[in-house]
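What follows is a single structure, written as structure tokens, with notes after it.
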Amino acid sequence: MSDEVHLDSNVPGNPAYHFTIVPAGAPARAGWARRAPLVAGAGLATRCVHAGVQPDPAYGAVMPPIYQSSTFAFRDVCTNAGYDYTRSGNPTRAALEEAIAALEGGGGATCTSTGMSAVLVALNLLPHRSHLLATVDCYGGTFRALEHARAAYGLEVTYLDLADLAAVERALRPGTGMVWIETPSNPLLRLTDVRAVAALARARGALTAVDNTFLSPVLQRPFELGADLVVHSTTKYLNGHSDVVGGAVVAAPGRTALLQRIQSTNNLLGTSQSPHDAFLVLRGLKTLLLRMKAHEAGAAAVAAWLERHPAVARVHYPGLASHPQHELALRQQQGFGGMLSFELVDGRPARVDHVLRTLRWFTLAESLGGVESLVAHPASMTHASMTPEARRRAGITDSVIRLSIGIEDPADLIADLDETLAGLPA
């Protein structure tokens, strides 16, 4: 049969409907063209499902195809269809970048190969020998990157408790190029008043970058609080299934020059995310709102239970009224998230190890934000790259146990913790 022929087939029982099979290579139908960007007034659930996603103009695929191509043909000299080389740009990755920017309320985004490469893209915005303020208990990988930049490129770094606004104001100086905020922090769930710190930084001409990995755009909106950049490890909640690594840097709305800088820096460093990984993260975004609700419900139940347990000395979770920054969490967050950490009354290594080795539903592993619950020991895992002195300064003791609460039944997680704590060695 010639592929020039259009085949019509009636819907059984309804001759009013018939379909035409368009031969391969035929022009795309006008109805499949990309619609205008999502309106700002769409609900969050709607944006999670539809952001960055339109029917593919070639064949009408509902999900964006994986454009698994390293290079793209030019239509003529100096003329292409918008893409030339996947490191510089790829349609699948562009869909994810559009989606993340829409969810964060940003002006645009660039997606990177890992969360750490997103950190590097942001840091590479700074000129030689700049000064940076960072939260004292930042993620261990971020600490390692900052210390490398200090030794190799002359970056000056001041680590301090960003909750102390007077200390932040004193630490800012003419050469300060950026304030690096993690809120809630990893692993002690300390908060930073983003609005107040961003105002101080802006007055000195410094950028404010907020790592929003722990809360996602569902539960925290840094641009509405004055941030210039939002950074994500999309490995975590945005993807949500522990099957891909990735990162993103988002520029604030209206900051066209800043957006162009992060995009060109990502291209320059060669840290762009692969099409397949971008596809997986885009798939994960569709259920982000539903998953975050489940993570938070489970974390709230577990945190409240742990706080009442006689073997637990303290629980770090901003959703608890006992958290010293609970009121700040109520003001600047739309929820409290799925991460918490706790410390035992008697935090001897044997007792901490018992918890790490005995839990049934919590897998002993690094990372966070997946549908499954994880337990980690920051001092020997996520923050092992920090010096002992830096961990002491940050308050990350050897007794801290971090939990990433998945979407399992909270009653099962609590029963698991109950049985484990009941068996603590004397």
(message) Suppose every Lys and Arg Cβ carries +1 and every Asp and Glu Cβ carries -1, with no other charges. What dipole size does the chain come out with about its Cα centre, to the nearest 20 debye?
(response) 960
(message) With angles folded into 0 to 90 degrees, how steeply does helix 410-422 sit against the dominant principal axis of the chain? Use alpha carbons for both and round to 10.
(response) 30
(message) Tell me whether the stretch 322-399 comes out rounded, prolate or oblate; compute the Cα gyration tensor, take square roots of the eigenvalues as a ≥ b ≥ c, and use a/c under 1.5 as the rounded threshold.
(response) oblate
(message) If I fit a long axis through the Cα atoms of helix 91-104 and take the longest principal axis of the Cα atoms of the chain, what angle between them do I get, 0 to 90°, rounded to 10?
(response) 50
(request) Go ahead and estimate [θ] at 222 nm for the chain from helices alone: -39,500 (n - 2.57) per DSSP H run with n ≥ 4, summed, over the residue count, rounded to 500. (result) -10500 deg cm²/dmol
(message) Given R₀ = 41 Å, what would the calculated FRET efficiency be for Arg75 paired with Arg173, taking r from the Cβ atoms and rounding to 0.05?
(response) 0.20
(request) Could you tally the net charge around Ser399, taking each other residue with its Cβ under 14 Å from the Cβ of Ser399, Lys/Arg +1 and Asp/Glu -1? (result) +2
(request) Pull out the extension gain between Arg357 and Ala257, defined as 0.36 nm times the separation in residues minus the alpha carbon to alpha carbon distance; nm, one decimal. (result) 31.0 nm
(message) Rounding to the nearest 10 and keeping the result within 0 to 90°, find how far the Cα-based axis of helix 349-358 lies from the longest principal axis of the chain.
(response) 30
(message) For the chain, I need the span (max minus min coordinate) of the C-alpha atoms along each principal axis, in Å, sorted largest to smallest.
(response) 80, 57, 35
(message) Can you compute the modelled spin-label distance between Ala365 and Arg202, with each label point 7 Å from Cα toward Cβ, in nm?
(response) 4.1
(request) Sum up the charges of everything whose Cβ sits under 12 Å from the Cβ of Thr112, counting Lys and Arg as +1 and Asp and Glu as -1, but leave Thr112 out. (result) 0
(request) Under 9 Å from the Cβ of Ala313, count the other residues' Cβ atoms, weight Lys and Arg +1, Asp and Glu -1, and hand me the total. (result) -1
(message) Quick check on packing: order 123-132, 211-220 by the mean number of other C-beta atoms within 10 Å, highest mean leading.
(response) 211-220, 123-132
(request) Using the charge dipole of the chain (Lys, Arg: +1 at Cβ; Asp, Glu: -1 at Cβ; taken about the Cα centre), state which of Thr158, Leu215, Leu359 has its Cα farthest towards the positive end. (result) Thr158
(request) For the stretch 184-199 and the stretch 390-410, write down the distance between their C-alpha centroids in whole Å. (result) 17
(request) Rounded to the nearest 0.05, what FRET efficiency do Ala313 and Met63 give with R0 = 60 Å and r taken as the Cβ-Cβ distance? Could you check? (result) 0.80
(request) Would you kindly derive the ³J(HN,Hα) couplings of the stretch 237-244 from the backbone phi angles with the Karplus curve 6.51 cos²θ - 1.76 cosθ + 1.60 (θ = phi - 60°), listing them in order in whole Hz, with x for Gly and Pro? (result) 5, 4, 7, x, 10, 6, 10, 7
(request) Sort the stretch 200-291 into rounded, prolate or oblate with this rule: let a ≥ b ≥ c be the square roots of the eigenvalues of the Cα gyration tensor; rounded if a/c is under 1.5, and if a/c is not under 1.5, prolate when a/b is larger than b/c, oblate otherwise. (result) oblate
(request) Mind telling me which of Asp76, Asp228, Asp412 comes out most flexible in a GNM of the chain, alpha-carbon contacts under 10 Å? (result) Asp76
(request) Go through the stretch 73-79 residue by residue and turn each phi into a ³J(HN,Hα) via Karplus (6.51, -1.76, 1.60, θ = phi - 60°); whole Hz please, and just put x for glycine and proline. (result) 5, 7, 6, 6, 4, 6, 9
(request) Output ³J(HN,Hα) for the stretch 159-176: one whole-Hz value per residue in order, computed from phi by the Karplus curve 6.51 cos²θ - 1.76 cosθ + 1.60 with θ = phi - 60°, and x for Gly and Pro. (result) 9, 7, 6, 6, 6, 8, 5, 5, 5, 4, 5, 5, 6, 5, 8, x, x, 6
(message) Would the stretch 289-422 count as rounded, prolate or oblate if I go by the C-alpha gyration tensor, calling it rounded below 1.5 in a/c and otherwise prolate when a/b exceeds b/c, oblate otherwise?
(response) rounded
(message) Can you compute the label reach from Asp243? Point 7 Å from Cα along the Cβ direction, backbone N cut-off under 14 Å, restricted to the stretch 336-374.
(response) 370-372
(message) Report the gain in length on full extension from Ala384 to Asp84: 0.36 nm times residue separation, minus Cα-Cα distance, nm rounded to one decimal.
(response) 103.9 nm
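Throughout, read-outs are computed from the coordinates displayed, never taken from laboratory work. Every value quoted in this text rests on a predicted model; they were computed, and no experiment measured them. Please note: Cβ atoms are built from the backbone with ideal geometry, for glycine as well, and neighbour counts cover all protein chains shown.
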